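The values are calculated or read from the model by the stated rules, or taken from the named source; none is laboratory data. What you see is a predicted model; the values in this text were computed from it and never measured. Here the Cβ is made from the backbone with ideal geometry for all residues, glycine too, and neighbour counts use every protein chain on show.
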Amino acid sequence: MSESEKPVVLIVEDEPDVAETYNLWLADEYEVRMAQNGDEGLEELDQSVDVVLLDRMMPGLSGDEVLERIRDRGFETRVAMVTAVEPDFDILEMGFDAYLCKPIRSEQLHKTVENLLERTEYDELLTEYYSLVEKQATLEATKSSAELAESEDYNELRERIGELRDDLSQTLGGIDDDEDFIATLRGLSDGNEQ
Amino acid sequence: MVMSSEQPKTMYDLSTVLDVEELSSVKPGSGILIAGPAMTGKQQLAMDILAEGSREGEGAVIVSTGDSASDILANYRERVPSVDESRVGIVDTRSEGGRSEDYTNSGTFVHHVSSPGDLTGIGIGITKCLESLHNSGADNGRLALVSLSTMLTYTDKKTVFKFCHVLSSRLDAAGYLGLFTIDSGAHDDQTIQVIKQAFDGLIEIRENEGDRQVRVLGLGGQPTDWSDF
């Protein structure tokens, strides 16, 4: 995989040692960008950033404020909040996609980033699935069953829908986790507002 | 391979409510759409199916877009006088004052959301209901969402479709049975066709010369013939 194809992770963390540790852990698999405060983080942010690791307590802009500006600017990047205290669903309601409690271990960090990338994949699959289901419904409403049976496009469409359904059931473990469930639903509402 | 509940769980028998062969053994995690014109008893049917589970001690989750939690509970008590109310959870989407939660004196968990369009709030409510029922000892159960038609007036069909798909997946993982009602007269055919695809099966109700008839599609096997109910 070439450098440009790696998913991009942006670390916004005011403690250089901590940021560098995350960087060391992630650099093999991801293109890592680093920012020391909220303003720098927002400067580093563009459409290519897949995941932001955002420290909640920083001098200057707080993590909450940075998140608000990320959402205001319409970026669909996934944002994991890094915090010292264990929060609950409230965090997801606030618009964060995940949270990590300090101190973070390498395995935990990897798992979180992978999970967030998988959620993006799930959303994309679900959007494609919907558009094909809608197409199928339109075809079925306008053509006779005899016409449909002979239509190569229609049969291909049905096949693709079946494949997507399988893919969806295997992504995110088929939504067997509460956080994945809530965060996916929140993504639907966000998309609706835009 | 479809990754769903690892352990084989007991099938749901709905044929005691609706005498159709295809409903005698419904797989845990199945999502069923109940579609029909207004005033044909869709909600009744969904609640009857839920009540049957409650009589067996299963969990019951009711997501309502119309009635208040207290009305739902009063009605449910009448339906199943023996119900263990700690095994009932309600998501009331017409609450004033945003998201909140409480327990009734009889132990029913109620999650309040201020609008049927608040999908995240509804999702959180369902999650907390499932958790509450699990803590009360119910490890399987049934969920009824009445109705999708109301949700469709708050948000577009694309979002409702995705919501249904994601919720069905979550219920599949929990081994729950899902029942969702939709007023087939309130939406165009294409909308119904699309929404249908988010579910494993369809119970269709129609009125024929004053009689109510029903048929079952999906759930393994060919569409059944129309029968009176």
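So the values come out like this:
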read-out: Filtered residue count, the stretch A:57-108, keeping only those that are under 21 Å from A:Asp180 (Cα atoms), among the β-branched types (Val, Ile, Thr) and either in contact with a helix residue (DSSP H, G or I) (Cβ under 9 Å, 6 or more places away or on another chain) or at pLDDT 90 or above (or both); value: 6
read-out: Top-ranked residue in the stretch A:8-39 [being buried (at least 17 other Cβ atoms within 10 Å of the Cβ) and acidic (Asp, Glu); ranked as farthest from A:Ala80 (Cα to Cα)]; value: A:Glu31
read-out: For A:Glu163: the one exception among (1) within 14 Å of another protein chain (Cβ to nearest Cβ); (2) exposed (fewer than 14 other Cβ atoms within 10 Å of the Cβ); (3) under 17 Å from the mean Cα position of the chain (by Cα); value: (3)
read-out: Positions within the stretch A:40-59 being among the small types (Gly, Ala, Ser) and loosely packed, with under 13 Cβ neighbours inside 10 Å, in sequence order; value: A:Ser48
read-out: Subset of the stretch B:187-201 (residues that are of a type in the set (A, V, I, L, M) and either within 9 Å of chain A (Cβ to nearest Cβ) or not in a helix (DSSP H, G or I) (or both)); value: B:Ile192, B:Val194, B:Ala198
read-out: Filter result (part of a loop (DSSP other than H, G, I, E, B) and either within 12 Å of chain A (Cβ to nearest Cβ) or without any contact (Cβ under 8 Å) to a residue 12 or more places away in the chain (or both)) within the stretch B:144-175; value: B:Thr155, B:Asp156, B:Gly175
read-out: Residue match in the stretch A:131-138 (condition: among the polar types (S, T, N, Q), farther than 16 Å from B:Ala198 by Cβ, surrounded by fewer than 17 Cβ atoms within 10 Å (Cβ to Cβ) and not assigned by TED's automatic domain parsing to the domain that holds A:Met94); value: yes
read-out: Residue satisfying all of: in the stretch B:121-131; free of Cβ contacts under 8 Å to residues at least 40 places away in the same chain and crowded, with 22+ Cβ neighbours inside 10 Å; nearest to B:Thr153 (Cα to Cα) among these; value: B:Gly121
read-out: Filtered residues of the stretch B:202-222 (kept if exposed (fewer than 13 other Cβ atoms within 10 Å of the Cβ) and in a loop (DSSP other than H, G, I, E, B)); value: B:Glu209, B:Gly210, B:Gly220, B:Gly221, B:Gln222
read-out: Residue in the stretch A:27-48 that is aliphatic (A, V, I, L, M) and touching a residue at least 40 places away in the same chain (Cβ under 8 Å) present; value: no
